[in-house]
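Remarks on the structure that follows.
The values are calculated or read from the model by the stated rules, or taken from the named source; none is laboratory data. Remember, predicted model here, so these are calculated numbers, not experimental data. Ideal geometry is used to build each Cβ from the backbone, glycine not excepted, and the neighbour counts take in all protein chains shown.
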Amino acid sequence: MKKEAAKEKSRQAFWVGFVLLVVGTLSFFYWADKKQVWFCDEIYTYESANGFEQNWPDTNVDQWMTGKDVEAFFAADWKELSMNDITVRLYSDHVPLYFWLFRIVSVYCFRGSGSIWIGLSINLVCYLIVLGLCYGVFLYLTKSPIVSGITTLLTSIVNRVMLEQATALRMYMMLLLAELLLLLGGVWILRAARRRKMSAGVFLYLLAVSVTGFLTHYDYWIFYAITAAMFCLWLLCLAVKERGKRFWSAWEFRYAAGWVGNFVVSLLATIYLFPYCRWNLNRGKGQTAMYSLLNFSGEKVRQIIWGYQRLATSIFGDAFPTVAALLILFGCIICGGVFYTKTESGKSWQR
C-alpha cells in the first residue's frame, strides 16, 4: 500500500512539474513576443558581444544611417567567435560569460541577425532550470506536488520580477540561476558534513558554480561573500557545539576550511579566465561598491527605500502597501528557512 501511494505521489509530482514547465515556457514566449522597448543596457549587450565588428555610432557622426546599418551593428556577421575581442572590450565593465554565450548563439544560430531571441534563448534555458529548481526545493520542503506547484506558479511564473529578469537581454536570469545553485551547494555541504565523510563531488560542484557566478556578474561576488560567510559561520557553530575547544577536529570545521580553500581556487580560476577582473575589484566596480557601502547619506537612504518600494510593487503591484508587501515577502522567506531547519533537525534526530 505504501509503495503504491509513493508511486502515485511520484507520478503526480512528475505531471505537476511537467505542466509547470509547459506553462512557464508558454508564459515566457507570450511576454517575450510582446517585447518592443529596449533599455540602454540591452543595447550594450549587443555592443559588447557583436559590436566590435562595426563601430557605431561614434565613427558615423553626421552621417545618415539606414536600418541595415543598425542591424549590422547588432548582428554577428563574421564566422569567428572572437572571444578575446569581447574580453578586451570588457576591461573596465562586466565579467564576460553572458557575452561569450551571446556571441556563440549569435554566430551559430542567428548570424547576420540582430534578433532579440539571441539573448532570449539563453534566458529561456536559465529560466526553465530555475523553475525546475524552485519546484524541486518546494517539493522537498512540503512533500506535496500540488502545494509545490502552486507555490512555484506564484513565485516563478506569474511574478513580474521573474518575468522582467527573464525577458531582459542581460545576464540577470543567469545570475539568479548561479545564486540558487550556490545556495543549494551550501545546503549540500551541511548535509555532507552530517554524514561524517568528505565528499569530493560537493567541492567540484561548488567550484563550477562559483567560477560560473564570478564570470556572470560582479553582484554575484557580493552574494557569494554573504552566503559563504553565513554557511561557514553555521558550520563553525556546529563544530563548536559538537567538539567544544576541539572544534577543529569536527567534520563541520573541515568543510568550512574546504569551502575557504575552494574559494581561493575559484578566484584564481576566474582571474585566469578573465584577468581584467583584478582591475575592477581594485579600482573599478569594487572601489565603487566600497564607496557606496561606506557612504551614509540621506540620498542613499532614499535610494534604498525606493528600491524596496519597487521590489514590493514589482511582485504585488498595488494589492498591498509597501510595508505589508515586504512583511509578506520576507516573512515567507524566514518561515521557509525555519521550516527547513526544523525538518533537517528532525531527520538528524531520527538518524
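Of all the numbered requirements in (1) free of Cβ contacts under 8 Å to residues at least 40 places away in the same chain; (2) over 29 Å from I86 (Cα atoms); (3) surrounded by 20 or more Cβ atoms within 10 Å (Cβ to Cβ), L154 misses one, and that requirement is (3).
Would you mind listing the helices (runs of 4 or more DSSP H) fully within region 232-351 where at least 2 residues are among the aromatic types (F, W, Y) and modelled with pLDDT of 85 or more?
Hits in region 232-351: 251-273.
Figure legend. Inter-residue proximity from region 169-180: first residues touching a residue at least 12 places away in the same chain (Cβ under 8 Å) and more than 14 Å from I129 (Cβ to Cβ), second residues in a helix (DSSP H, G or I) and acidic (D, E), beta-carbon distance below 7 Å, spacing 6+ or different chains. Indicated pairs: L169/E42; R170/D41; R170/E42. Among what's in region 110-143 and is of a type in the set (V, I, T) and under 30 Å from A76 (Cβ atoms), pick the residue that is nearest to the chain's Cα centre (by Cα). Among those residues, the one meeting the criterion is V130. The selection criterion, being of a type in the set (S, T, Y), surrounded by fewer than 21 Cβ atoms within 10 Å (Cβ to Cβ) and more than 14 Å from the chain's Cα centre (by Cα), does not hold for T212. For region 67-92, a residue qualifies if it is under 22 Å from A178 (Cα atoms), free of Cβ contacts under 8 Å to residues at least 60 places away in the same chain and not in a helix (DSSP H, G or I), but none of them does.
Would you confirm whether or not region 40-62 contains a residue that is at positive phi, in a loop (DSSP other than H, G, I, E, B) and free of Cβ contacts under 8 Å to residues at least 12 places away in the same chain?
yes
In region 134-151, what count of residues is obtained for those that are among the aliphatic types (A, V, I, L, M) and in contact (Cβ under 8 Å) with a residue 60 or more places away in the chain?
Let us first name the residues in region 134-151 that are among the aliphatic types (A, V, I, L, M), namely 137, 139, 141, 146-147, 150.
When the remaining residues are screened for being in contact (Cβ under 8 Å) with a residue 60 or more places away in the chain, the result is 139, 141, 146.
The qualifying residues number 3.
What are the residues in region 135-150 that are at pLDDT 90 or above and of a type outside the set (F, W, Y), if any? Selection gives G136, V137, L139, S144, P145, I146, V147, S148, G149, I150.
Quick one: would you say I146 is within 25 Å of W38 (Cβ to Cβ), more than 19 Å from the chain's Cα centre (by Cα) and assigned to a helix (DSSP H, G or I)? Here the answer is no, as I146 does not meet what is asked. Residues that are among the β-branched types (V, I, T) and closer than 30 Å to V147 by Cα within region 107-136 comprise I122, V125, I129, V130, listed in sequence order.
Only one of V125, V147, V130 is over 17 Å from L175 (Cα atoms) and not small (G, A, S). Can you tell me which?
It is V147.
Being surrounded by fewer than 17 Cβ atoms within 10 Å (Cβ to Cβ) and among the small types (G, A, S) is a description that applies to A5. Of the listed requirements (1) surrounded by fewer than 13 Cβ atoms within 10 Å (Cβ to Cβ); (2) more than 20 Å from T270 (Cβ to Cβ); (3) at pLDDT 90 or above, V88 misses just one: (2). Check region 74-90 and report whether any residue there is more than 22 Å from the chain's Cα centre (by Cα) and under 30 Å from L139 (Cα atoms). Within region 74-90, none of the residues are more than 22 Å from the chain's Cα centre (by Cα) and under 30 Å from L139 (Cα atoms). Say we look at region 157-168 and pick out the residues that are touching a residue at least 60 places away in the same chain (Cβ under 8 Å) and assigned to a helix (DSSP H, G or I); which of these is nearest to V22 (Cα to Cα)? In this case the residue turns out to be I157. Number of residues in region 263-273 that are surrounded by fewer than 20 Cβ atoms within 10 Å (Cβ to Cβ) and touching a residue at least 40 places away in the same chain (Cβ under 8 Å): the value is 5. L204 meets all of the listed conditions (1) over 18 Å from the mean Cα position of the chain (by Cα); (2) in a helix (DSSP H, G or I); (3) closer than 13 Å to A256 by Cα; (4) not charged (D, E, K, R) but one, namely (3).
Among the conditions (1) surrounded by fewer than 11 Cβ atoms within 10 Å (Cβ to Cβ); (2) under 30 Å from S144 (Cβ atoms); (3) of a type in the set (S, T, Y), the only one that T66 does not satisfy is (2).
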